[in-house]
Amino acid sequence: ALHFGAVTPALLLIAAYARSADTPLQRDALGAAIPLLIAFQATATYVVSAAPGAPYYLTLLAVAPILSNSSLPLSKRAAMWSTAICLLLLAALTRLPHAAATTPLAFGGLAPISFCVVMTLVSAVQRNRSARRAWLLDLRHRLRMAEIGLEARHDPLTRLANRRRLEEAAAKLWSDDANHVSPISVVLYDVDRFKAFNDLYGHQAGDECLRRVAACALEEIGAEDDVAARYGGEEFILVL
């Protein structure tokens, strides 16, 4: 009755809501609740039963964390807390005499399986660390790819969009749904007498001039779809 009436429905609810948990703390609590529910069920059965075989239920206090540490994607915190609670509960119950026994159980008889529990905990912690490292490496790779994509679509001197990014933005504007209609302005301008300025003051001054003009163009960017691009050597374009 305890198993099918309370524990099993609770485990099914945990399985249903675990993946939609909003925070890591909620996921940890739901994950740790699985072995703890099994452990508490074994404890309750052991306490209320007067059968001679009732002490065998105590092995579930060790089996539950072994199974959870081996098969559930628990975090280090959840695995350590659930394992510690199960082992402390096991140690406490072995010190209390059962109704079917005149003396307390010896915890030493359960020491080998408790050692297995600790080993699975160590394995779970190492697996969690490896998963976190793999996630961080994947995140670094995706960020690097995004950075490469950003560099491929921007002019290295002015940091404005280049011709490739401009063509992508224009294609997106022209392919939008016809129901989304808004005015589009295209402003094409260049720097007057830039060649004479570049010849007189040098290329470094010319580059600084282009960067300042680009900064002025960026100030005109307001909407999310606006694009400021370097169209040519000293030619710029705004798509607003």
Residue check for P97: open to solvent by 40 Å² or more (accessible area, probe 1.4 Å), modelled with pLDDT under 80 and either over 22 Å from R27 (Cα atoms) or among the aromatic types (F, W, Y) (or both): yes
Residue check for I34: crowded, with 19+ Cβ neighbours inside 10 Å and among the β-branched types (V, I, T): yes
Matching entry among P55, P35 (being at pLDDT below 80 and under 30 Å from P112 (Cβ atoms)): P55
Any hit, the range 3-24, residues being touching a Ser or Thr at 6+ places or on another chain (Cβ under 9 Å), farther than 19 Å from V122 by Cβ and surrounded by 15 or more Cβ atoms within 10 Å (Cβ to Cβ): no
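Just need a number here: residues in the range 56-88 that are over 29 Å from the mean Cα position of the chain (by Cα) and either closer than 13 Å to V122 by Cα or open to solvent by less than 30 Å² (accessible area, probe 1.4 Å) (or both).
The number of residues fulfilling the criteria is 3.
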Residue match in the range 191-208 (condition: open to solvent by less than 40 Å² (accessible area, probe 1.4 Å) and among the aliphatic types (A, V, I, L, M)): yes
Close pairs from the range 182-198: first under 13 Å from L210 (Cβ atoms), partner open to solvent by 80 Å² or more (accessible area, probe 1.4 Å) and not in a loop (DSSP other than H, G, I, E, B), Cβ under 8 Å, at least 6 apart: none
Near pairs, Cβ below 8 angstrom, 6+ apart or cross-chain, from the range 13-28 (among the hydrophobic types (A, V, I, L, M, F, W, C)) to any residue that is open to solvent by 70 Å² or more (accessible area, probe 1.4 Å): A18/R27; A21/R27
In the range 50-94, the residues that are free of Cβ contacts under 8 Å to residues at least 24 places away in the same chain, among the aliphatic types (A, V, I, L, M) and closer than 16 Å to D28 by Cα: A84
Residues (buried (at least 19 other Cβ atoms within 10 Å of the Cβ) and not in a strand (DSSP E or B)) located in the range 218-240: E234
The range 117-174, subset assigned to a helix (DSSP H, G or I) and in contact with a strand residue (DSSP E or B) (Cβ under 6 Å, 6 or more places away or on another chain), residue surrounded by the most Cβ atoms within 10 Å (Cβ to Cβ): L166
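The values are calculated or read from the model by the stated rules, or taken from the named source; none is laboratory data. Since the model is a prediction, treat every value here as computed from it, not as a measurement. As a convention, Cβ positions derive from the backbone with ideal geometry for all residues, glycine included, and neighbour counts pool all protein chains shown. Quick note on the areas: whole protein, heavy atoms, side chains included, nothing else; ligands and nucleic acids left out. Shrake-Rupley method; radii C 1.70, N 1.55, O 1.52, S 1.80 Å.
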